[in-house]
1. Consider Leu36 carefully, then state whether it is at pLDDT 95 or above and in contact with a Pro (Cβ under 8 Å, 6 or more places away or on another chain).
2. Are any of the residues in the stretch 50-57 more than 15 Å from the chain's Cα centre (by Cα), at pLDDT 95 or above and of a type outside the set (S, T, N, Q)?
3. Report, ordered by the first and then the second residue, all pairs with beta carbons closer than 8 Å, sequence separation of six or more or different chains, a first member in the stretch 54-70 that is farther than 27 Å from Ala87 by Cα, and a second member that is acidic (Asp, Glu) and open to solvent by 60 Å² or more (accessible area, probe 1.4 Å).
4. For the stretch 88-100, indicate whether the set of residues that are farther than 18 Å from Leu1 by Cα, surrounded by fewer than 20 Cβ atoms within 10 Å (Cβ to Cβ), aromatic (Phe, Trp, Tyr) and out of contact with any helix residue (DSSP H, G or I) (no Cβ under 7 Å at 6 or more places or on another chain) is non-empty.
5. In the stretch 74-85, what residues are farther than 14 Å from Glu98 by Cβ and either touching a His at 6+ places or on another chain (Cβ under 6 Å) or in a strand (DSSP E or B) (or both)?
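The values are calculated or read from the model by the stated rules, or taken from the named source; none is laboratory data. Just so you know, these numbers come straight off a predicted model, no measurement behind them. Cβ placement follows ideal geometry from the backbone for every residue including glycine, while neighbour counts extend to all protein chains displayed. Ligands, DNA and RNA are stripped out before the accessible areas are found, and what is left, the full protein with its side chains, is counted by its heavy atoms. Shrake-Rupley method; radii C 1.70, N 1.55, O 1.52, S 1.80 Å.
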Amino acid sequence: LSVDRGICLAQIPYSADLVGDPGTGVLHGGVVTSLLDTAGGAAVFSAVGKPMPLATLDLRIDYLRPSTPGQTVRAKVECYKKTFNIAFARGVAFEADETDPIASMAATYMLRTQIARRLPTEQP
């Protein structure tokens with residue numbers, strides 16, 4: 001939905017294909033995790049200000065309640081600190097009200113993950 005100055009707001013519409021428990025219609029936890037991790041990466045890109053390789057180093061998700069069947073799930077993630085090699089993000093997944101989250105997250109992302117490789121003919 002938006003990415004600006006280290007904050008990403010993203011969403012995933014409800015779909016029966018994403019349900020983890022057919023009996024209740026609650027979304028699979030992996031869907032919420034993927035949404036938060038992706039929004040975290042976008043927030044980091046926005047904070048860094050230029051595209052670069054990155055990787056999720058650590059991702060903690062606290063599931064606070066089940067999603068509501070039929071509802072779009074949103075994520076708001078902020079990159080609140082960055083160093084040369086590491087960026088830190090935190091955020092929540094929610095439906096209509098950010099103060100009633102489905103899950104919260106804290107993550108660290110490694111920046112500049114691309115390794116320069118030597119050609120076989122080059123000496124160390």
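1. Numbers: at pLDDT 95 or above: yes; in contact with a Pro (Cβ under 8 Å, 6 or more places away or on another chain): no.
No: the conditions fail for Leu36.
2. Within the stretch 50-57, none of the residues are more than 15 Å from the chain's Cα centre (by Cα), at pLDDT 95 or above and of a type outside the set (S, T, N, Q).
3. Hits for this filter: Arg65/Asp100.
4. Yes, the stretch 88-100 contains at least one residue that is farther than 18 Å from Leu1 by Cα, surrounded by fewer than 20 Cβ atoms within 10 Å (Cβ to Cβ), aromatic (Phe, Trp, Tyr) and out of contact with any helix residue (DSSP H, G or I) (no Cβ under 7 Å at 6 or more places or on another chain).
5. Of the stretch 74-85, the ones farther than 14 Å from Glu98 by Cβ are 79-85.
Cys79, Tyr80, Lys81, Lys82, listed by residue number.
Residue-by-condition table, conditions (1) of a type in the set (Ser, Thr, Tyr); (2) more than 11 Å from the chain's Cα centre (by Cα):
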residue: Thr33; (1), (2): yes, no
residue: Phe45; (1), (2): no, yes
residue: Leu59; (1), (2): no, no
residue: Lys76; (1), (2): no, no
residue: Ala87; (1), (2): no, yes
